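Data block below; observations after.
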Amino acid sequence: MSLKKDEKVDILLLGSGGREHALLVKLAESPHAGKLWVAPGNGGMYQLAQKVDLDPCSGEQVAEFAKSHGIGLVVVGPEAPLVAGVADYVRAAGIPVFGPSGAAAQMEGSKEFAKKVMTRAAVPTAAYKSFTDEAACADYVRELGGPCVVKADGLAGGKGVVVAQSTEEALAGVHDCFNGAFGEAGNTVVIEEMLEGPECSLLALSDGKTLVPLATAQDHKRALDGDRGPNTGGMGVYSPVPILLDGELDQMIQIEQKVIDQLREDGTPYSGCLYGGFMLTKDGPKVLEFNARFGDPETQVVLPRMKADLIECFLACDDGTLDPAMVSWDDDWAVSVVLTAGGYPVKYEKGDVITGIEDADAMDGVFVYHAGTKLGDDGSVLTNGGRVLDVTAVATTFEDARNKAYEACDKIFYKGKTYRHDIGIKAIKGRERL
Ligand code: AMP
Ligand code: GLY
C-alpha cells in the first residue's frame, strides 16, 4: 500500500520507554503523520501524542480503540504485548500493525522456540539443550563441568540469564529458574555453551520476506564503569559498531535473512523489527538471542541516523511491500548515555524534578529521549523510573558524538542523577582491530 501525497495516518503507539519516545519522534517527522496516540507513554511523549488509558497487553482493548478511533497504524513497542498476540487482534480487525504475530514473537517469547528455528535454518548459535526437569538439567550441567549459560525459556525482563563461570554458579542458576525466580518463564530451562567475544546487535525490518538491515549498535549492560556492577536494562549505546571486521556485517545480515526465510517456511511469517543479538566469536558472528521488537536503548541511536519515512516503512512491513530503497543512511555516528536514578537497578527514588532538558535538546545534533519520566501537575518533568533519560548525540565522528552526548548530560539536573562515564571507550580502543 503506498500512501497518497497528502494522506494522513492516525497512529496508536504502545509502550512507555526511551525506545517509544524515539519511535514517536520519528513517526511524527513523517509528512503522513496524522493524530498520534500513546498507551501509556511517558512525560516526554505527551507533547506529540495524546495519552490513551488502555491495557497495552489486551488485544481486545487495543483493537477496539483502534477501530473506534479510525487508527490507520498500530505500532507495538515492547515485547509483552507482542507475545500476548496483540498484533493478531489488530490484524483480525483489518487494521495495519507494526509487529509480529504472537506465534512469530515466540522468537523472543521462548528461547527454546528460537533455538529450534535457528537449528532448522542452520545459523550459527551456541550449542544448547533444553530441560523441563530440574534433576536432569542439573545432571547435564555437572556433566558439562565448567562454564555455561543458564537461561529461563520465557520472558524475564532481560533478567533470566546466568552466565556461569563455574558448575556451582550454574547449578544455583538452574535451582533459581526451576524454583520460581522468573515465574513461569523458568519452567523450561535452556543450557548453552558459553561464547566469547564482543557483542553486537543488528536491528532489521522485515515484511516476512524481504529483510532491510538497519544498523548495528552496542549496548552497555552493567550498571558501573568498567562493565562492573549488576546488569541493567542498558546504560548507554552507540551506532554503528566501529569494531566490526570485514565480512561480519554481511554474515549477520545473512543469518537474519535465513531466519526470516525459515519462519515463512514454517508458516509463522515474521513482520516487524527483528533484533539479532550476536557474539563476534573468532569463528564469526553467532546468535545469542533474537528479540521481536526494536531494542531499548539501541533504537535511540539507530533511528536518529536513519533516513526514512517510518510510517511508510511500517505499513510496508505489514502489507508485504518492504523495499530496501525506502531506507538510507548518512555516514554519521550516534552515542547515547542513559541518565539513571541514584541506586538503579536496586533501589531508587521517584518524583524528583528534572531541569535543563531544553538546554541539552537545543544543542546541535542532540536528542533527549524520555524513559522513566512523568509530568507533574504544574507541567514540570519528574523522574518516574530507574532509567530516566537517554541523551543521544549524532555527529560526523564517533569522538564528537561521544563528547557532545556527555556535554549534554552536564546540562541536565535532578537529585541522584547517575550515569556511566565510559560509554564508547571500548569502541575507541578497539579500532586497532580494523
Ligand atoms: P540473552 O538475553 O540471551 O541475550 O542474554 C543476555 C546476555 O547474556 C547477553 O547479552 C550476553 O552478554 C550473555 N549471554 C547470553 N548467551 C550467552 C552465551 N551463550 N555465551 C556467553 N554469554 C551469553
Ligand atoms: N538492549 C537490549 C534489549 O532491548 O533487549
Quiz item: Among the residues of the range 217-245, which ones are within 13 Å of ligand 2 (Cβ to nearest atom) and in a strand (DSSP E or B)?
Solution: 217, 218, 219, 222, 231, 236, 237, 238, 239
Quiz item: For residues in the range 256-293 being of a type in the set (Ser, Thr, Tyr) and surrounded by 24 or more Cβ atoms within 10 Å (Cβ to Cβ), which is nearest to ligand 1 (Cβ to nearest atom)?
Solution: 275
Quiz item: Do we have any residue at all in the range 114-121 that's surrounded by fewer than 17 Cβ atoms within 10 Å (Cβ to Cβ) and either touching a residue at least 60 places away in the same chain (Cβ under 8 Å) or under 18 Å from residue 39 (Cβ atoms) (or both)?
Solution: yes
Quiz item: Got at least one residue in the range 71-81 being of a type in the set (A, V, I, L, M, F, W, C) and farther than 15 Å from residue 95 by Cβ?
Solution: yes
Quiz item: Does any residue of the range 170-185 turn out to be in contact (Cβ under 8 Å) with a residue 40 or more places away in the chain, more than 16 Å from ligand 2 (Cβ to nearest atom), in a strand (DSSP E or B) and among the aliphatic types (A, V, I, L, M)?
Solution: no
Quiz item: Considering only residues of the range 309-356 that are small (Gly, Ala, Ser), in contact with a Ser or Thr (Cβ under 7 Å, 6 or more places away or on another chain) and in contact (Cβ under 8 Å) with a residue 40 or more places away in the chain, which is farthest from residue 73 (Cα to Cα)?
Solution: 342
Quiz item: Can you pull out the helices (runs of 4 or more DSSP H) entirely within the range 1-97 that have at least 3 residues that are touching a Ser or Thr at 6+ places or on another chain (Cβ under 9 Å)?
Solution: 18-29, 79-83, 86-92
Quiz item: Before we move on, is residue 25 under 28 Å from residue 369 (Cα atoms) and in contact (Cβ under 8 Å) with a residue 40 or more places away in the chain?
Solution: yes
Exercise. List every residue pair whose Cβ atoms lie under 7 Å apart, where the two residues are 6 or more positions apart in sequence or sit on different chains, the first residue falls within the range 224-249 and is of a type in the set (Ser, Thr, Tyr), and the second residue, located anywhere, is in a helix (DSSP H, G or I).
Key: 238/301; 238/427; 239/301; 239/302; 239/305
Self-check item: Residue list for the range 86-103, restricted to those being surrounded by fewer than 21 Cβ atoms within 10 Å (Cβ to Cβ) and more than 18 Å from the chain's Cα centre (by Cα)
Solution: 88, 91, 92, 93, 94, 95, 103
Exercise. Would you be able to say whether some residue in the range 334-357 is within 16 Å of ligand 1 (Cβ to nearest atom) and more than 29 Å from residue 410 (Cα to Cα)?
Key: no
Quiz item: What are the residues in the range 362-406 that are hydroxyl-bearing (Ser, Thr, Tyr) and in contact with an Asp or Glu (Cβ under 7 Å, 6 or more places away or on another chain), if any?
Solution: 369, 383, 396
Quiz item: Within the range 294-301, is even one residue buried (at least 22 other Cβ atoms within 10 Å of the Cβ) and of a type in the set (D, E, K, R)?
Solution: yes
Exercise. Please report, ordered by residue number, the strands (runs of 3 or more DSSP E) entirely within the range 119-165 with at least 2 residues that are more than 16 Å from ligand 1 (Cβ to nearest atom) and under 25 Å from residue 200 (Cβ atoms).
Key: none
Quiz item: Just for the range 1-26: of the residues that are over 16 Å from the mean Cα position of the chain (by Cα) and of a type in the set (Asp, Glu), which one is farthest from residue 273 (Cα to Cα)?
Solution: 6
Quiz prompt | Among the residues listed as 65, 98, the single one being of a type in the set (Phe, Trp, Tyr) and in contact (Cβ under 8 Å) with a residue 60 or more places away in the chain | solution = 98
Quiz item: Could we say that residue 190 is within 14 Å of ligand 1 (Cβ to nearest atom), within 18 Å of residue 109 (Cα to Cα) and at pLDDT below 95 here?
Solution: yes
Quiz item: Scanning for something more than 15 Å from ligand 1 (Cβ to nearest atom), of a type in the set (D, E, K, R) and touching a strand residue (DSSP E or B) at 6+ places or on another chain (Cβ under 7 Å), does the range 244-255 turn up at least one residue?
Solution: yes
Quiz item: Given the residues 305, 222, which is the only one that is within 14 Å of ligand 1 (Cβ to nearest atom), within 26 Å of residue 403 (Cβ to Cβ) and among the basic types (Lys, Arg)?
Solution: 222
Quiz item: Within the range 266-381, which helices (runs of 4 or more DSSP H) (wholly inside it) include 2 or more residues that are out of contact with any Gly (no Cβ under 9 Å at 6 or more places or on another chain)?
Solution: 310-319, 357-361
Quiz prompt | The lone exception for residue 345 - which of (1) crowded, with 20+ Cβ neighbours inside 10 Å; (2) within 16 Å of ligand 2 (Cβ to nearest atom); (3) farther than 14 Å from residue 203 by Cα it fails | solution = (1)
Exercise. Take the range 355-412 and flag every residue that is within 28 Å of residue 428 (Cα to Cα), among the polar types (S, T, N, Q) and surrounded by fewer than 22 Cβ atoms within 10 Å (Cβ to Cβ).
Key: 396, 397, 403
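The values are calculated or read from the model by the stated rules, or taken from the named source; none is laboratory data. Remember, it's a predicted structure, so these values are computed and weren't measured experimentally. In this analysis, Cβ positions are derived from the backbone assuming ideal geometry, glycine residues included, and neighbour counts consider all displayed protein chains.
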